[in-house]
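This report refers to the structure that appears directly beneath it.
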Amino acid sequence: MMKSLKTFTPLAWRNLWRNARRTSITLIVVSVGLWSVLFFNSFMNAWVQSSKDAALDLLLGSGQIHAVGYMDDPNIEALMPPPSAALTAALDDTRITDWTTRIALPGVVVSEYKTLPVTVMGVNPEAEARISSLPGKLVEGRYLDDTDDDGVVLGLHMVERLKTGIGRRVILMSQGIDGAMAERSFDVVGVFDADQATEDFFAFTGLKASQAFLGLDDQIAEIVVVLPDEADVDAEFTRLREAAPDLDARTWKELNLFLASTDSFMGAFIYIWLGVVFSLMAIGIVNTQLMAVFERTQEFGLLRALGMKPRLVLLLVTLESAMLIGAGVLIGAAISALTIWSLQGGIDLSAYALAVEMAQGGNIIYMEYDPGSFVLFSVLIWILGIGVALWPARRASKASPVEAMRYAS
């Protein structure tokens, strides 16, 4: 077999260029097909990562801990005390990047012109600056100074709807610890620009200021946990659940099912796209290879008449297909690498900010090389391409000397 390969390899390569136009068309089909698979795989992965980073960095974190029942009905009776010593030790573990506590309760915000629903968020500004991107999204005014800061930071769209602004006062209302309606006026000290859902439904004030406003002692609504990017989120939250078995600890996948579903779907989507692209490629490969076989019926018949065994004819045509598809794969991989390299600075989608916001994506998509995907999809297309080319090769191996004589005459 090795001797046959050594003999037929240069012959197969020369045969490919006997019809340079057909060979070039096949190379284009294979290389463009592989380019589309590799490029869209990198783009989709970057898109999902951008969407995930945008959501996790804003308010979600890698996961959160609440009192049991809070997620079903977030009210003042479903709050919890500060983390216990065991939970604090688990949270301070070096495997966790950072964490903080918050108040998050439903309420309303009232201006001189309008009343709107809102989630009252009491936060620790120092910790939020470390774990959340929201403090960096201010477009006017300032962020909160400390946990006692009784100013309020509102979203840009909410400010427009309330017809209020920096330095003006609004009233926050929510259920107090005594069951009665608690209300207090707050100065608007900052305006942030995020996605519209966050702008419309959150009002931020100091943690202690919100506790005083609601008549609370040190109760909190949630603990937000941030893990390193490479951390096993499920494993870490299993450890946190063991440290606080009476609390409800959930990962970001459990808190944001849409984002988790998108993350899973995109992993499967690229294989769907691979199937579509390869189906189109297979049609082109089979057509061109069959045409080549029909045009060379006389040649294959003469080879058979000269004593070449069918398996050697099959080997020759298969080698031609393998080399042709392999060359297309190499070209496609090189073009894909060049395309991704040229976009290393990021793809700016800010011109489509509204559409990107609706899809919960980031404004800039940073594409990265994924060597594993390059190897996997390149090898898959090469093997599958050879597979579909076996049909024309099999037809060539069945060429008979009689047919060759008929063509010659």
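The values are calculated or read from the model by the stated rules, or taken from the named source; none is laboratory data. Small disclaimer: the values here were computed from a predicted structure and weren't measured. Positions of Cβ are generated from backbone atoms using ideal geometry, with glycine treated the same way; all protein chains shown enter the neighbour counts.
For ALA209, only one of the following conditions fails: (1) within 19 Å of PRO125 (Cβ to Cβ); (2) free of Cβ contacts under 8 Å to residues at least 12 places away in the same chain; (3) of a type outside the set (Lys, Arg). What is its number?
Every listed condition holds for ALA209 apart from (2).
Answer yes or no as to whether ASP72 is assigned to a loop (DSSP other than H, G, I, E, B), more than 36 Å from the chain's Cα centre (by Cα) and either of a type in the set (D, E, K, R) or under 30 Å from ASP229 (Cβ atoms) (or both).
Details: assigned to a loop (DSSP other than H, G, I, E, B): yes; more than 36 Å from the chain's Cα centre (by Cα): no; either of a type in the set (D, E, K, R) or under 30 Å from ASP229 (Cβ atoms) (or both): yes.
Against the criterion (assigned to a loop (DSSP other than H, G, I, E, B), more than 36 Å from the chain's Cα centre (by Cα) and either of a type in the set (D, E, K, R) or under 30 Å from ASP229 (Cβ atoms) (or both)), ASP72 does not qualify.
Among the listed residues ALA86, ALA20, which satisfies the condition of being at pLDDT 90 or above and in a helix (DSSP H, G or I)? Give the steps one after another, and end with the answer.
Numbers: ALA20 fails: at pLDDT 90 or above.
Of the residues listed, the single one that is at pLDDT 90 or above and in a helix (DSSP H, G or I) is ALA86.
Filter segment 190-228 down to residues that are of a type in the set (D, E, K, R) and more than 21 Å from ASN75 (Cβ to Cβ) and give me whichever is surrounded by the fewest Cβ atoms within 10 Å (Cβ to Cβ).
Within segment 190-228, the subset of a type in the set (D, E, K, R) is 193, 195, 199-200, 208, 217-218, 222.
Checking which are more than 21 Å from ASN75 (Cβ to Cβ) leaves us with 193, 195, 199.
On the way: ASP193: 15, ASP195: 19, GLU199: 20.
Here the answer is ASP193.
Looking only at segment 180-222, filter to residues that are within 37 Å of the chain's Cα centre (by Cα) and part of a loop (DSSP other than H, G, I, E, B); which one of those is farthest from LYS52 (Cα to Cα)?
GLN219
Restricting to segment 155-181, give me the number of residues that are aliphatic (A, V, I, L, M) and over 19 Å from LEU214 (Cα atoms).
Qualifying residue count, segment 155-181: 5.
With the requirement that a residue be part of a strand (DSSP E or B) and either outside the structural domain of ALA197 (by TED's automatic domain parsing) or under 35 Å from the mean Cα position of the chain (by Cα) (or both), what does segment 137-157 give you? I'd like the intermediate steps shown before the answer.
Pass one, segment 137-157, residues part of a strand (DSSP E or B): 138-141, 151-155.
Scanning segment 137-157 gives LEU138, VAL139, GLU140, GLY141, VAL152, VAL153, LEU154, GLY155.
Which one is surrounded by the most Cβ atoms within 10 Å (Cβ to Cβ), of the residues in segment 79-112 that are more than 30 Å from LYS163 (Cβ to Cβ), under 34 Å from the mean Cα position of the chain (by Cα) and of a type in the set (Gly, Ala, Ser)?
ALA90
Please name all residue pairs, on different chains or six or more residues apart, with Cβ atoms under 7 Å, provided the first residue is in segment 93-112 and is free of Cβ contacts under 8 Å to residues at least 12 places away in the same chain and the second residue is of a type in the set (Lys, Arg) and in a loop (DSSP other than H, G, I, E, B).
none
If ASP234 meets every condition in (1) in contact with a strand residue (DSSP E or B) (Cβ under 9 Å, 6 or more places away or on another chain); (2) in the same structural domain as MET80 (by TED's automatic domain parsing) apart from one, which number is that one?
(2)
If you scan segment 24-54, which residues turn out to be under 22 Å from ALA327 (Cβ atoms) and buried (at least 19 other Cβ atoms within 10 Å of the Cβ)?
Scanning segment 24-54 gives THR26, LEU27, VAL29, VAL30, SER31, GLY33, LEU34, TRP35, VAL37, LEU38, ASN41.
Looking only at segment 23-43, how many residues end up being polar (S, T, N, Q) and over 14 Å from SER336 (Cβ atoms)?
Matching residues across segment 23-43 total 3.
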